[in-house]
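To keep things clear, I will list the structure first and then write my remarks on it.
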Amino acid sequence: MKSPLVLLAAFAMLGSSCTQKGSHLFILSGQSNMAGLDPDISFIPAVSQKFGAENVIVVKDALGGQPIRRWHKDWSLRENDDPKQIGDLYDQLLSKVQPAYEGKKVQTVTFLWMQGERDAREGLADRYIDSFEGIITQLQGDLRRKDINIIMGRLSDFDMENKTYPHWTRIRDLQVAFADSKPNTAWVDTDDLNTGLNKQGNQIKDDLHYSVSGYKLFGERLAEKAIQLIEK
């Protein structure tokens with residue numbers, strides 16, 4: 001598995017009114033479907049076109065197959081949980097965010113999250129939203145700001161009968177309910193992203209992972225929602 005990807009696009013432009021207000025920081029994290037997204041293809045072009053490349057900072061750190069407890073530092077341990085993996089991916093993410101954030105004039109911060117497949121498979125829907133809120137609280141404290149925009153990718157239509165991922169539809173519903181209840185939060189639909197040709201050139205239908213065109217569209221949708229929240 002490839003090491004997590006970090007992308008920084010930060011430049012300076014003299015005389016730019018947006019630069020005077022500050023940059024826009026976008027933090028992308030989660031498991032495999034975020035790991036499979038290449039921000040350079042669709043996300044960064046979209047936000048750069050809107051705000052100017054010189055005003056955009058993008059940090060991505062994602063790892064496939066990981067449960068939310070690897071980001072939530074206050075997770076209550078179960079019998080077989082590895083204490084060393086509680087919150088360790090959050091620390092890894094933060095180690096990349098802080099150099100991009102500290103000392104810079106940042107106007108907005110947007111946290112983009114695509115995760116939940118592993119927790120659906122483990123039947124952990126009851127702990128999912130509390131854990132996600134814990135991650136947001138961590139980020140707010142570490143970045144010393146409360147005004148973080150949040151975008152969640154909703155789980156796709158991969159296992160709508162909950163056959164192998166028993167809490168699939170429950171986590172889908174929880175993600176939507178959470179996003180719809182928060183003024184600075186949105187969710188994106190991924191149901192049509194997992195059919196077509198994948199990166200290996202194979203035809204997929206309603207797969208766990210997205211097609212090549214699906215990942216491109218995913219990036220576009222994340223950017224669209226991010227822009228909407230920033231403009232609000």
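The values are calculated or read from the model by the stated rules, or taken from the named source; none is laboratory data. Computed from a predicted structure; not experimentally measured. All Cβ positions, even for glycine, are placed from backbone atoms using ideal geometry, and neighbour counts span all protein chains on display. Keep in mind that these areas ignore ligands, DNA and RNA; they rest on the heavy atoms of the full protein, side chains included. Shrake-Rupley method; radii C 1.70, N 1.55, O 1.52, S 1.80 Å.
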Revision key, fill the gap. Once amide hydrogens are built 1.01 Å from N within the peptide plane, the residues lying 5 or more places from residue 62 or on another chain with amide H under 5 Å from its amide H are 5
Revision key, fill the gap. Two pseudo-spin positions, 7 Å from Cα along C-beta at residue 160 and at residue 203, lie apart in nanometres by 2.1 nm
Check your understanding: Order of 135-145, 48-58, 113-123 by packing, highest average Cβ count within 10 Å first?
Key -> 113-123, 48-58, 135-145
Check your understanding: Per the 1.4 Å probe, what fraction of the accessible area of the stretch 87-214, in percent, lies on carbon and sulfur atoms?
Key -> 48 percent
**Study point:** Estimated vicinal HN-Hα couplings, Hz - the stretch 30-38 in sequence order (Karplus 6.51, -1.76, 1.60; Gly, Pro = x)
**Key:** x, 10, 4, 6, 7, 4, x, 7, 9
Review point. In terms of modelled amide H atoms, which long-range or inter-chain residues lie less than 5 Å from the amide H of residue 56?
Key: 11, 24
Check your understanding: Quick one: length gained pulling residue 49 to residue 177 fully straight, 0.36 nm per residue minus the C-alpha distance?
Key -> 43.0 nm
Check your understanding: Which entries in 60/205; 21/104; 73/232; 21/232; 50/216 show an alpha-carbon gap greater than 21 Å?
Key -> 60/205; 73/232
Check your understanding: Reported to two decimal places, what Rg/Rh ratio describes the stretch 149-196 when computed on Cα atoms with Rh from the Kirkwood expression?
Key -> 1.02
Review point. Listed highest first by mean packing, meaning other Cβ atoms within 10 Å per residue, what order do 190-199, 101-110 come in?
Key: 190-199, 101-110
Check your understanding: DSSP beta bridges in the chain, what fraction antiparallel, as a percent rounded to 5?
Key -> 10 percent
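Let's see if you can work this out: charge +1 on each Lys and Arg Cβ, -1 on each Asp and Glu Cβ, no other charges. What is the dipole magnitude of the stretch 151-232 about its Cα centre, in debye to the nearest 20?
Details: 11 positive and 13 negative charges, 48 e Å.
Dipole magnitude for the stretch 151-232 comes out near 240 debye.
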Practice item. Return the whole-Å distance between the Cα centroid of the stretch 34-60 and the Cα centroid of the stretch 174-232. Key: 15 Å
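Length gain on complete extension for the stretch residue 133 to residue 105, per 0.36 nm per residue less the alpha carbon to alpha carbon distance? Mind showing how you got there, number by number?
Values: separation 28, 0.36 × 28 = 10.08 nm, distance 2.57 nm.
7.5 nm is the gain from fully extending residue 133 to residue 105.
Share of Cα-Cα pairs in the stretch 181-224 beyond 18 Å, in percent?
Numbers: 310 of 946 pairs.
Above the 18 Å cut-off, the stretch 181-224 has 33 percent of its Cα pairs.
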